[in-house]
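Below is one structure, written out as structure tokens, with a few remarks after it.
The values are calculated or read from the model by the stated rules, or taken from the named source; none is laboratory data. Predicted model, so just to flag it, every value in this text is computed and none were measured. Note that each Cβ is placed from the backbone with ideal geometry, even for glycine, and that neighbours are counted across all protein chains shown. The accessibility values were calculated without ligands, DNA or RNA, using every heavy atom of the protein model including side chains. Shrake-Rupley method; radii C 1.70, N 1.55, O 1.52, S 1.80 Å.
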Amino acid sequence: TSNPDINTAHLPPAQQLLLRSLIAAVNTIDLRDGDRDVTSQSIVLQAQINNATVPVEIMVYGAEAQPYLTEVFVNTDNVTDDGTGKKNAKGYVAIELFNPHPFDIKLKNWQLGVIDRRQTGNPNFYSTISSLPRPGAFTTAVIPARSYVIIENYNGGSILNNAAGYRPARIAAQVAALPAAQIIYQQNLHEVIEDAAAAKSGGELFIGRPRRADGSTTSSVVAGNVYNENNIYDLVPVDSFDFTGITMPSGAALSPTNLATIAHYDRKALATPTAINDDWKFVYPGRYDGTQLKQRQEGTDLAYFGDATLEPSITLQVTPTLGSDNPAGAYPHPFLPIQISATDTPGPNLSVGVSGNKFPFGGFARTGDALHVPFIGAYRVRQASTVGSSPSQIVEVNPLTIDSAFADDTDPADDSIENIGRFVPIGEGLAAAGGDPGTLDYSTDDTKWRYHWAMSLYNYVTVIAPDDDYLPNVDQLQSPKKYPGLKPDAVGTNASAPAEYTRGVEGRININTSPARVLAALPMITKGATAASDNAALAQAIVDYRNANGPYRSFYDLNRVPGFQYSAFGGNDPVATSTQANDDDGDISPVGNALDGLIDFEEQTLSLNRISNLITLRSDTFTCYLTIQGWRAAGTSAADMVVERRAAFIADRTVVTPTNRDVTIIRMPTD
């Protein structure tokens, strides 16, 4: 808006694009590097704060494997005892973290903090992250693979340091049944609750981690990446929950004017999903509205009681399941799941680890694997002029989860097919009967466009350059070497096994100039008894569409061609048929016969991704083949071919300029 509210801070559209570009760039680095350490990089942009243009330093963090905050439970009753005289002098607070990855995640040197989110408007717009004490468990604690941990302010019944004296009956049995290693005591966790008697602001819980996956804290003085992880504000934001509006009773007897609160929030999380698209629903946290005095996080359920005997009769919208599966989230989630650093993304055979230095020697095997790169991520914003003097003073700090809510295109009509944070256009390439040529992003009506800008992604990126054709993406001279030990296996030549053409890295076919016979060499339809003829027919359809509508301006334009978009699935929409793709279909993550249980951007774009290394929209050099035949009695029923020769030449138009229209022809021997 041209007149933003004085209490808002935002980036204008052009600055927002720069931020999204940096997020995608840093995420690309972290996806391809093969480790689980977080990359960070800062940039100075121009924000609008209190109706003024203010330079801000934004530190962006790459998306790596992390746990997610999947449940919150609070009971602020600080008066009622458990029958033995113990009270929860500062209430009871518990949060659940879920690790969706097939390996343990260390919590060494992780920290929790509180951000006062009541501060809005000049002069108190800026906030500070207040660090909670780090318990010893954060030195040794881990979150087991595909499992949960509970962080709470209950310390075995000890009431030292204002710890809760007991767990509320509503959740006591389920938490007590958990292995002791999956329960972490956090001193002063109650400070997320506003407590007037103790002059505590409460606010947003901040979970921060070091950049190193092993939990080692580091620092840097490199320009553009200055940090010291001894400071909580220099840690990587993992997840958060805004407790603003939840208040502690005064400590006097509960009454209609001194109410206790039960608060509950839940994201869908299943350790072993059994239905398609049940996994990765915990990344999107629901909408967030910072203008609300309370319940800013969508799905936050609040209930109040002035008489402790009435508390058991309160029914929450979702039953708490701390430490175990959350079968239903507390807020609408119509979007497709959001995979972040999932197994074998963006591809198998990473450059480090146990891949054995196999092709493609890195995370990205095909150009289309760039779709694994999200343009959502974690970042911290602070006024550039305060850096060095008041570095703890922040404008904003967002984990990837909250950023995913901000990246929604806000059009509820497309939620069921929207891949939040992915470079994937929304809608079908084909038109409905009598409709526009495609819907939403494929439409000619720009008022329907949501992710239309993503259609140009393939125009700018590649995974293997021509000079890398033999040993792609390998630099054995760098120090330290990316590939320790023996040098990586080279891509096989056509004279050896496996043949190079099976790798999908050789030459590109120009879909704007190639005839149908050349396009038919693309592996678009590869299954079924009539695959060869079906593939040839699809190649002809690509030519026919090009002749009727002009040149293709984007790889995604191929989805407009009848029969192409779901050619990898026999022409059937995978979303409608609940069909998952696997390696033999061209979906190489996860590797092998494992299925990821999702039908998302991978299936939606699979037909294009399979050939993304083999096609181009424009080219300057062409290898041309001519077949010359000699016939006897040509044109008669007795026609007989008596001689056939092949000729080949390279047409190079790199020398063509406005004043030189001659193409260089290089003849090739064919003997």
Of the residues in region 536-556, how many are open to solvent by less than 20 Å² (accessible area, probe 1.4 Å) and either of a type in the set (Asp, Glu) or closer than 19 Å to ASP587 by Cα (or both)? 2
Test: residue in region 592-607 that is open to solvent by 40 Å² or more (accessible area, probe 1.4 Å), among the hydrophobic types (A, V, I, L, M, F, W, C) and in contact (Cβ under 8 Å) with a residue 24 or more places away in the chain: yes
Six or more apart or on different chains, Cβ atoms under 6 Å: show the pairs whose first residue is in region 251-277 and hydroxyl-bearing (Ser, Thr, Tyr) and whose second is surrounded by fewer than 20 Cβ atoms within 10 Å (Cβ to Cβ) and assigned to a loop (DSSP other than H, G, I, E, B). SER255/GLY306
Where the second residue is among the hydrophobic types (A, V, I, L, M, F, W, C) and the first is closer than 12 Å to ARG211 by Cβ and lies in region 12-37, which pairs have Cβ atoms under 8 Å and are six or more apart or on separate chains? VAL26/VAL60; ASP30/VAL38; ASP30/ALA63; ASP35/ALA213; ASP35/VAL352; ARG36/ALA65; ARG36/ALA213; ASP37/ALA213
Check ASP411, ASP445 and return the single one that is over 23 Å from PHE555 (Cβ atoms) and surrounded by fewer than 21 Cβ atoms within 10 Å (Cβ to Cβ). ASP411
Sort out which residues of region 207-248 are closer than 21 Å to GLN41 by Cβ, in a strand (DSSP E or B) and open to solvent by 40 Å² or more (accessible area, probe 1.4 Å), and write them in order of number. SER219, VAL221, VAL222, VAL226, ASN228
So VAL175, is it among the β-branched types (Val, Ile, Thr) and part of a strand (DSSP E or B): no
Just to verify a result, which residue in region 123-178, among those that are among the β-branched types (Val, Ile, Thr) and open to solvent by less than 20 Å² (accessible area, probe 1.4 Å), is nearest to ASN99 (Cα to Cα)? ILE143
Report the residue count in region 658-671 for those that are of a type outside the set (Ser, Thr, Tyr) and either in contact with a strand residue (DSSP E or B) (Cβ under 6 Å, 6 or more places away or on another chain) or part of a strand (DSSP E or B) (or both). 5
What pairs come up if the first residue lies in region 90-113 and is in contact (Cβ under 8 Å) with a residue 24 or more places away in the chain and more than 18 Å from LEU205 (Cβ to Cβ), the second is in a loop (DSSP other than H, G, I, E, B) and among the hydroxyl-bearing types (Ser, Thr, Tyr), and their beta carbons are under 7 Å apart, counting only those six or more places apart or on different chains? PRO102/THR343
